[in-house]
Structure formats: C-alpha cells, structure tokens
Amino acid sequence: MTNVSTSRNSTTAPGRPPIALVAWHAVEAILRHSQATLARVDLSQPQWWALNNIVRAEHGLTGDELRALDVPYGMGAEVIAHAADALAHRGWLVAGADGRLTLTDRGRTGLATAKEHMTRVRAELVGDITEEEYATAVSVLRRITGNLA
C-alpha cells in the first residue's frame, strides 16, 4: 500500500496528502474487509444490498424496482438484479404472483447472520473513532463532494 503522506506527485502542501488518495485507500480497505466478511457467510456485496433493499420495502421489490436502485461503487443496475436472481435460486428470495421479491425464512435467517457479521465490521471500522469524529469525517467528505457538484 502506498504511504499517502509521502506521495511525490502531490499538489498539496507537504504533510497534507491529497484527499482523493486518502479517500480511495479508505474505500478500498472498507470494501476489502466488508467483502471478505460477507464471503464468510457466502454472500457478495450486491447480494447484501439486494437483501437489505428488499427487506426494507414493505411489500418487497420487483426486478424493475431493483434495477432502479442507486447501486454504489459504479456497478451497473443489472448487478443487483443478478444478485437477487442468485438469491432466489438459493431459496433466500421468492417472487410472488405480482413479481415482487420477498425474503423466505431461509433468506431472513441468512440476512440476520450477515447483519451480525456486518455489525462487527462497522465496529472494527470505527474502532476508537468517536461519534463526533465520525460525523466530522462524513460532513467533510460530503462538503467536498458538494463543492464539486
């Protein structure tokens, strides 16, 4: 991993690494850790997103509604639909007569197990960072994004 504090191509002041590089390394580390954790319970990140979005919808979601979701990390809309198809094949999701996907008992059990693991991931991610520090980091990153909008 590159030491972000010693980047030679930096256009920032010495000791102030480029925020994009720091953010990129953070994203990579978070995704790597999250994906490895999900893999231990035989889930991919898109399957995790599909399950969480479907369970939050009062009456489940259709394939078109899944494709309309804002899928993070630059993945196309079809990725989450394919993830849902794989979960249906596994018996975690079932389509009703109206085409709405909902979780089966097996899916609810699997999601509960995954949530336990992902709760630990969040605790590991946050570590000794206070709620105030976390809120500040999120606020700063959102302001940076807003500055570029």
What does the C-alpha gyration tensor say about the overall shape of the stretch 19-72? Classify as rounded when a/c is under 1.5, otherwise prolate if a/b is larger than b/c, or oblate.
oblate
Quick one: how many Å² of residue 65 are accessible to a 1.4 Å probe, rounded to 10?
70
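Assign unit charges at the C-beta atoms only (+1 for Lys and Arg, -1 for Asp and Glu), then state the dipole size of the stretch 16-140 relative to its Cα centre in Debye, rounded to the nearest 20.
Dipole about the Cα centre, nearest 20: 300 debye.
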Given labels modelled 7 Å from the Cα in the Cβ direction, how far is it in nm from residue 125 to residue 22?
1.8
Dimensionless Rg over Rh [the stretch 34-149; C-alpha; Kirkwood]:
1.04
Choice from 110, 60, 127 with maximal GNM fluctuation in the chain (Cα, 10 Å cutoff)
127
Debye intensity ratio in log₁₀ form over the Cα atoms of the stretch 60-109, taken at each q of 0.26, 0.29, 0.30 Å⁻¹
-0.97, -1.09, -1.12
Once the dipole of the stretch 1-144 is set up from charges on Cβ (+1 Lys and Arg, -1 Asp and Glu), the residue from the list 137, 44, 71 lying farthest towards its positive end is 137
Within the stretch 71-149, list the chymotrypsin sites (Phe, Trp or Tyr not before Pro) lying in a DSSP loop whose Cβ has at most 12 other Cβ atoms in a 10 Å radius.
73
Could you tell me the center-to-center distance, by alpha carbons, between the stretch 17-89 and the stretch 122-149 in angstrom?
20
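The values are calculated or read from the model by the stated rules, or taken from the named source; none is laboratory data. Because the structure is predicted, anything quoted here is derived from the model rather than measured. Because the Cβ atoms are built from the backbone with ideal geometry, glycine has one as well, and the counts that use them run over all protein chains shown. All accessible areas refer to the heavy atoms of the entire protein, side chains included, with ligands and DNA or RNA removed. Shrake-Rupley method; radii C 1.70, N 1.55, O 1.52, S 1.80 Å.
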